[in-house]
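The values are calculated or read from the model by the stated rules, or taken from the named source; none is laboratory data. In this text, all values refer to a predicted model and were calculated from it rather than measured experimentally. All Cβ positions, even for glycine, are placed from backbone atoms using ideal geometry, and neighbour counts span all protein chains on display. Please note that ligands, DNA and RNA were not included when accessible areas were found on the heavy atoms of the full protein model with its side chains. Shrake-Rupley method; radii C 1.70, N 1.55, O 1.52, S 1.80 Å.
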Amino acid sequence: MCGIVGILSDSYKGVEDIRLLTKTLQHRGPDGIGIFEERKPYLAFGHTRLSIIDLSSNGSQPKVSLTGRYTVTFNGEIYNHLKLRREIESNSRVRPVWAGGSDTETLLMCFECFGIIKTLEKITGMFAIAVWDKKNKEVTIARDRFGEKPLYYFKSDKTFVFASELRAIKKHNLFQGGLSNEALSYYFRYNYIPAPYSIYENIFKLNSGCLINIK
């Protein structure tokens with residue numbers, strides 16, 4: 001179990017809370033904290049790591065691809081990542097040099113070889129993923145098909161925030177929402193709150209098997 005958080009904004013003021021937001025998720029990943037920041041546009045990713053597959057620093061996140069085009073932060077496990085490595089290696093156009101055995105590194109190489117959408121179609125596992133495409137200036141967040149890994153998001157006029165847990169989004173200075181009466185009505189009716197709602201107004205849960213792309 002790791003924790004991911006990210007902010008996309010029109011100003012540095014919008015993303016300067018990233019360290020505070022990331023710290024709220026430290027219980028999800030006690031083995032390390034990583035921060036990635038981009039200034040054009042103003043973008044910040046945070047990650048708290050629980051080391052499982054690759055215990056070395058090669059598995060640390062957020063992680064940037066070899067070309068520098070893609071940056072990923074993700075929570076979960078890609079079950080078929082070794083199969084995907086073999087597929088990449090069999091492609092004569094690509095000569096990957098693997099630094100370690102992490103599925104994070106496999107994800108980044110898949111983005112380079114297949115693109116984001118095709119990669120999401122190929123991978124199997126439990127995951128909540130955020131990837132920054134520097135060339136196309138866009139962020140994609142995605143959730144696994146069964147919704148095993150949580151992913152919430154909040155949007156104001158000029159800022160988009162996502163995180164593994166509600167508590168992280170609540171720490172952002174722009175969030176001022178109260179409890180959602182609509183979500184409460186669902187809870188009392190079904191004993192749970194269905195996606196895309198959360199207990200708070202203006203914070204939503206990404207549906208399982210779905211993605212959001214932000215230019």
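Tabulated data for the structure shown
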item: Pairs, first over 28 Å from residue 135 (Cβ atoms) in the stretch 22-45, second aliphatic (A, V, I, L, M), C-beta under 6 Å, six or more apart; result: 24/168; 25/168; 28/1; 29/50; 31/50
item: Among the candidates 34, 6, residue that is under 30 Å from residue 175 (Cα atoms) and modelled with pLDDT of 95 or more; result: 6
item: Residue within the stretch 188-209 that is under 23 Å from residue 102 (Cβ atoms) and modelled with pLDDT of 95 or more present; result: no
item: Count of the stretch 137-149 residues which are open to solvent by 30 Å² or more (accessible area, probe 1.4 Å) and more than 17 Å from residue 45 (Cβ to Cβ); result: 3
item: Unique residue being in contact with a strand residue (DSSP E or B) (Cβ under 6 Å, 6 or more places away or on another chain), at pLDDT below 90 and either at positive phi or open to solvent by 30 Å² or more (accessible area, probe 1.4 Å) (or both) when the list is 90, 56, 60; result: 60
item: Count - residues of the stretch 158-184 that are open to solvent by 50 Å² or more (accessible area, probe 1.4 Å), outside any loop (DSSP other than H, G, I, E, B) and farther than 26 Å from residue 1 by Cβ; result: 3
item: Yes/no for residue 119 being touching a Lys or Arg at 6+ places or on another chain (Cβ under 9 Å), over 21 Å from residue 24 (Cα atoms) and among the hydroxyl-bearing types (Ser, Thr, Tyr); result: no
item: Residue that is surrounded by the most Cβ atoms within 10 Å (Cβ to Cβ), among those in the stretch 93-125 that are closer than 13 Å to residue 142 by Cβ and of a type in the set (D, E, K, R); result: 122
item: Test for residue 82: is it modelled with pLDDT of 90 or more and touching a Gly at 6+ places or on another chain (Cβ under 8 Å); result: no
item: Flag for residue 67 being modelled with pLDDT of 90 or more, open to solvent by 60 Å² or more (accessible area, probe 1.4 Å), farther than 28 Å from residue 156 by Cα and β-branched (Val, Ile, Thr); result: yes
